[in-house]
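*Asks:* My structure is below; once you've seen it, I'll send some questions.
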Amino acid sequence: MGKLINIDNGGTLTDICVIDGAKVIHTKTITTPYDLSKCFFEGLKKASKMIYGEEKIVELLLSTDHIRYSTTQGTNAIVEKKGPRIGLIVPKGSKVASLKGNKAESELFDALVGDRIAEFDTALSWENFDHEVVMTINHLTAAGANRVVVSFDGAEYDQDETRFKAAALEKFPRHLLGVVPVLCASDLADDSNRERRTWTSLLNAFLHPTMETFLYNAEGILREYYHQHPLLIFRNDGDSSRVARTVAVKTYSSGPRGGMEGARAMAQHYEFKRLLSMDIGGTTTDIGLVEDGKVAASQRGDVEGVAVSLPLCEVVSVGVGGSSIIKVENKKVKVGPESTGGAPGPACFGLGGQNATITDVFLLTGLIDPVSYFGGAMKLDRARAEAAVKENIAVPLGIDLDAALEAAQKAWGQKVAENLTGYTRIDANTTLAAFGGAGPFLVTDIAEAAGIKSAIIPGLAAVFSAFGIGFSDIGQSYQGRIRTLSKAATEEVVEELTHRARRDMFAEGFEFDECVLEWGVVRVRGDEESELSWSPGKALPKDLTDSDHVSVALRVVKKINHASFASVKDTVAVPAVSSGKRRVQTAAKTTVDLPVFRLEEQPSGATGDGPCILEEAYFTGRVGAGWRFEVNANRDTILTKLK
């Protein structure tokens, strides 16, 4: 069994996790948004040097079974609204205003489509149909569209779209230079809601060119290093697939889903009933929930406030992280949502940043050790951090530096805690999972503010989303509409979906008999949508009616190697071993010498009490008074509030 490499490309940092049996190597590199392949391969170089003592990428890749990769590039592209110009074809008489139902939809529509809209009469006869297809596409391309989305309405919308696409391919063959790609909404989703279906296609068309260029480029470079297997893209539905079988819109928010897959596996291993996760990176805090072993998810998710047809886990992203800009507005400390990112980064990075961040604050309070920060690979500039905090917080508030540091810490922690309680209810069964590079910083303070009495810091907290990707399998999901509730119609859809699944898994390099098939039925009745248990050969659920929109759902999965957790049963408690003390400012005019516990040096069962500092190469956490910690065989730290 070979190695597993998981890479999570974030807005500020790119995380790399190499799993070799029970051994896990992890590292980080600064994200290079101008060329994502640079940070991709810088991470592989760093990982190979940690494993072999020198850079040996070829040796690393030759010994690797699977590389799973997630990226925020799609998310960033949508936020920045930088991408291709989309042309939209709608049925004659259609109300485009329905696609701009809220501010988010209106702003995104104007950025992606603008006035590049054309109406098309689907009732045209064959002799006029083809001519009108040419005229419509030419009209949109003349208006500047370099990709076209077709979204029709009515009971037979998918058949009308297929007819349009066939005519477009005949008149504009793909082998000709400059042919504009035409995407039908029904190609991506079986959804009775036209607005969601249209938006899903618009977003996919917008993301496709950029994602395709980078991902195929990365895969090409991997081949140059003799990697024998296709690059696997981790998707926002929790599965992975090779680049050629990945839909661009499914890369959106895939990083946070990686963290949730890790949280799900961790909740199952430790038997947590409700695991509330906060993944605090450089730019955002991603909040999610695992309850009764399942990741909280919506059958129809939303992208930046825009409803789409695809399922998405219910992760809320809040603009607060290690690089979030802290400033004063109306005499109050404001945290984020703006971020300095990885470049120029916090002021203490010495890369030109002049804004104050929580990283600068914790350097000045003493919580962050400038010698060991970022694995000792980055030197921090205390003078620059002090200048940034004074200029952006202390002076505007008319207070001294110590008071400014206290105010910044409180504002940062309070913003995270308020969003946790706003996301879900807090009860006695709720455990807080703190991960991401900044997640452990104030874990017990945030837990107390949210009313939570137990928490866990994963041993791989700093790269937990990358680690979580390692629990995914290779899979694809499909839906096919049943037009009449008959056995023959149902069998026809089952046959079609089976054929598509067989074809896709063959393209992934696997025999269909090696795969697991999960069937179901999706029913839409009015505004209510539900997934019902069902499998081929059985009668359809009895409560379906002819007025329902009914689809067969199929998920096909090929199980591959996973990450794993060690057993922690029968662990014997032993005193944790301190590596020394660090002077930390915990409040204005209050400094204390706190014991420091290096987690890599602790034996399984190591136990101690706060106040103290827990530290690993890529994260630091302050444990408050009245809390007890225990480090187990997975290097996971369990935190418990003492009565």
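The values are calculated or read from the model by the stated rules, or taken from the named source; none is laboratory data. None of the values given here were measured: they were computed from a predicted structure. Positions of Cβ are generated from backbone atoms using ideal geometry, with glycine treated the same way; all protein chains shown enter the neighbour counts.
*Asks:* Can you tell me how many residues in segment 377-406 are free of Cβ contacts under 8 Å to residues at least 24 places away in the same chain and under 30 Å from Gly43 (Cα atoms)?
*Replies:* Residues flagged as free of Cβ contacts under 8 Å to residues at least 24 places away in the same chain and under 30 Å from Gly43 (Cα atoms) within segment 377-406 amount to 2.
*Asks:* Exactly one condition in (1) free of Cβ contacts under 8 Å to residues at least 12 places away in the same chain; (2) over 25 Å from Thr251 (Cα atoms) is not met by Pro91; state its number.
*Replies:* (1)
*Asks:* With (1) touching a Ser or Thr at 6+ places or on another chain (Cβ under 7 Å); (2) among the small types (Gly, Ala, Ser); (3) closer than 25 Å to Val550 by Cα as the list, and Ala488 as the residue in question, which single condition is left unmet?
*Replies:* Of everything listed in (1) touching a Ser or Thr at 6+ places or on another chain (Cβ under 7 Å); (2) among the small types (Gly, Ala, Ser); (3) closer than 25 Å to Val550 by Cα, Ala488 misses just condition (1).
*Asks:* Another question, then. Give the residue, chosen from Val592, Val568, Val584, that is surrounded by fewer than 19 Cβ atoms within 10 Å (Cβ to Cβ) and in the same structural domain as Asn632 (by TED's automatic domain parsing). It would help to see each step written out before you state the result.
*Replies:* Values: Val568 fails: in the same structural domain as Asn632 (by TED's automatic domain parsing); Val584 fails: surrounded by fewer than 19 Cβ atoms within 10 Å (Cβ to Cβ).
Of Val592, Val568, Val584, the one residue that is surrounded by fewer than 19 Cβ atoms within 10 Å (Cβ to Cβ) and in the same structural domain as Asn632 (by TED's automatic domain parsing) is Val592.
*Asks:* Please indicate, with yes or no, whether at least one residue in segment 220-239 is within 30 Å of Asn355 (Cα to Cα), surrounded by 20 or more Cβ atoms within 10 Å (Cβ to Cβ), in contact with a helix residue (DSSP H, G or I) (Cβ under 9 Å, 6 or more places away or on another chain) and of a type outside the set (A, V, I, L, M, F, W, C).
*Replies:* No, that holds for no residue.
*Asks:* Sticking with this one: Which pairs turn up if I take residues in segment 583-600 that are of a type in the set (Gly, Ala, Ser) and look for partners that are not in a strand (DSSP E or B) with beta carbon separation below 7 Å, at least 6 apart in sequence or on another chain?
*Replies:* From residues that are of a type in the set (Gly, Ala, Ser), the pairs are Ala587/Glu406; Ala588/Asp402; Ala588/Ala403; Ala588/Glu406.
*Asks:* Given the structure, is Gly398 of a type in the set (Gly, Ala, Ser) and in the same structural domain as Gly288 (by TED's automatic domain parsing)?
*Replies:* So Gly398 does not fit the description; no.
*Asks:* Another one. For segment 33-40, does any single residue satisfy the condition of being among the hydroxyl-bearing types (Ser, Thr, Tyr) and either assigned by TED's automatic domain parsing to the domain that holds Ser317 or surrounded by fewer than 17 Cβ atoms within 10 Å (Cβ to Cβ) (or both)?
*Replies:* yes
*Asks:* How about segment 75-89: which of its residues are buried (at least 18 other Cβ atoms within 10 Å of the Cβ), touching a Leu at 6+ places or on another chain (Cβ under 8 Å) and closer than 24 Å to Arg235 by Cα?
*Replies:* Once the filter is applied, which keeps residues that are buried (at least 18 other Cβ atoms within 10 Å of the Cβ), touching a Leu at 6+ places or on another chain (Cβ under 8 Å) and closer than 24 Å to Arg235 by Cα, segment 75-89 yields Ala77, Ile78, Gly83, Ile86.
*Asks:* Does Glu496 qualify as being among the charged types (D, E, K, R), at negative phi and out of contact with any helix residue (DSSP H, G or I) (no Cβ under 8 Å at 6 or more places or on another chain)?
*Replies:* Answer is yes for this residue.
*Asks:* Is it the case that Arg147 is at negative phi, among the basic types (Lys, Arg) and in contact with a Lys or Arg (Cβ under 7 Å, 6 or more places away or on another chain)? Outline the logic, then answer.
*Replies:* Values: at negative phi: yes; among the basic types (Lys, Arg): yes; in contact with a Lys or Arg (Cβ under 7 Å, 6 or more places away or on another chain): no.
Spelling it out, it is not the case that Arg147 is at negative phi, among the basic types (Lys, Arg) and in contact with a Lys or Arg (Cβ under 7 Å, 6 or more places away or on another chain).
*Asks:* Here are some residues: Ile16, Ile5, Ile30. Which one is farther than 19 Å from Gly468 by Cα, in contact (Cβ under 8 Å) with a residue 40 or more places away in the chain and under 18 Å from the mean Cα position of the chain (by Cα)?
*Replies:* Details: Ile16 fails: farther than 19 Å from Gly468 by Cα; Ile5 fails: farther than 19 Å from Gly468 by Cα.
Exactly one of Ile16, Ile5, Ile30 is farther than 19 Å from Gly468 by Cα, in contact (Cβ under 8 Å) with a residue 40 or more places away in the chain and under 18 Å from the mean Cα position of the chain (by Cα), namely Ile30.
*Asks:* Continuing with the same structure: Can you name every residue in segment 265-287 that is modelled with pLDDT of 95 or more and buried (at least 24 other Cβ atoms within 10 Å of the Cβ)?
*Replies:* Correct list: Met266, Ala267, Leu275, Leu276, Ser277, Met278.
*Asks:* Restricted to segment 42-81, and to residues that are outside any helix (DSSP H, G or I) and free of Cβ contacts under 8 Å to residues at least 60 places away in the same chain, which residue is nearest to the chain's Cα centre (by Cα)?
*Replies:* Applying the filter and picking the extreme gives Lys81.
*Asks:* Does segment 216-241 hold any residues that are assigned to a helix (DSSP H, G or I) and either touching a Gly at 6+ places or on another chain (Cβ under 6 Å) or in contact (Cβ under 8 Å) with a residue 40 or more places away in the chain (or both), and which are they?
*Replies:* If the condition is that a residue be assigned to a helix (DSSP H, G or I) and either touching a Gly at 6+ places or on another chain (Cβ under 6 Å) or in contact (Cβ under 8 Å) with a residue 40 or more places away in the chain (or both), then Asn217, Ala218, Ile221, Leu222 are the ones that fit.
*Asks:* Is segment 91-109 home to any residue that is of a type in the set (Val, Ile, Thr), modelled with pLDDT of 90 or more and more than 30 Å from His562 (Cβ to Cβ)?
*Replies:* no
*Asks:* Report the residue count in segment 107-124 for those that are acidic (Asp, Glu) and more than 37 Å from the chain's Cα centre (by Cα).
*Replies:* 1
*Asks:* Restricting to segment 595-643, count the residues that are buried (at least 19 other Cβ atoms within 10 Å of the Cβ), closer than 28 Å to Lys569 by Cβ and hydroxyl-bearing (Ser, Thr, Tyr).
*Replies:* Residues flagged as buried (at least 19 other Cβ atoms within 10 Å of the Cβ), closer than 28 Å to Lys569 by Cβ and hydroxyl-bearing (Ser, Thr, Tyr) within segment 595-643 amount to 1.
*Asks:* Follow-up question, since we're still on this one. Show me the helices (runs of 4 or more DSSP H) found entirely inside segment 427-545 where at least 3 residues are free of Cβ contacts under 8 Å to residues at least 60 places away in the same chain, surrounded by 17 or more Cβ atoms within 10 Å (Cβ to Cβ) and of a type outside the set (Asp, Glu).
*Replies:* Values: elements: 443-450, 464-469, 487-508.
The helices (runs of 4 or more DSSP H) meeting that bar are 487-508.
*Asks:* For Val584, state whether it is modelled with pLDDT under 95 and touching a helix residue (DSSP H, G or I) at 6+ places or on another chain (Cβ under 7 Å).
*Replies:* Yes, satisfied.
*Asks:* Now, a different point. Scanning segment 591-643 for residues that are acidic (Asp, Glu) and outside any loop (DSSP other than H, G, I, E, B), which turns out nearest to the chain's Cα centre (by Cα)?
*Replies:* Glu616
*Asks:* Okay, moving on. Scan segment 299-335 for residues that are on the phi > 0 side of the Ramachandran plot, surrounded by fewer than 16 Cβ atoms within 10 Å (Cβ to Cβ) and touching a helix residue (DSSP H, G or I) at 6+ places or on another chain (Cβ under 9 Å) and report the count.
*Replies:* Number satisfying all stated conditions: 2.
*Asks:* Is it the case that segment 14-29 has a residue that's part of a loop (DSSP other than H, G, I, E, B), of a type outside the set (Ser, Thr, Tyr) and at positive phi?
*Replies:* yes
*Asks:* Now for a different question. Would you confirm, using the coordinates I've provided, whether Ile51 is in contact with a Leu (Cβ under 6 Å, 6 or more places away or on another chain) and surrounded by fewer than 24 Cβ atoms within 10 Å (Cβ to Cβ)? Write out each step before concluding.
*Replies:* Numbers: in contact with a Leu (Cβ under 6 Å, 6 or more places away or on another chain): no; surrounded by fewer than 24 Cβ atoms within 10 Å (Cβ to Cβ): yes.
It is false that Ile51 is in contact with a Leu (Cβ under 6 Å, 6 or more places away or on another chain) and surrounded by fewer than 24 Cβ atoms within 10 Å (Cβ to Cβ).
*Asks:* Those residues that are under 30 Å from Arg194 (Cβ atoms), part of a loop (DSSP other than H, G, I, E, B) and under 34 Å from the mean Cα position of the chain (by Cα), I need them from segment 546-573; list them, please.
*Replies:* Scanning segment 546-573 gives a single hit, Asp548.
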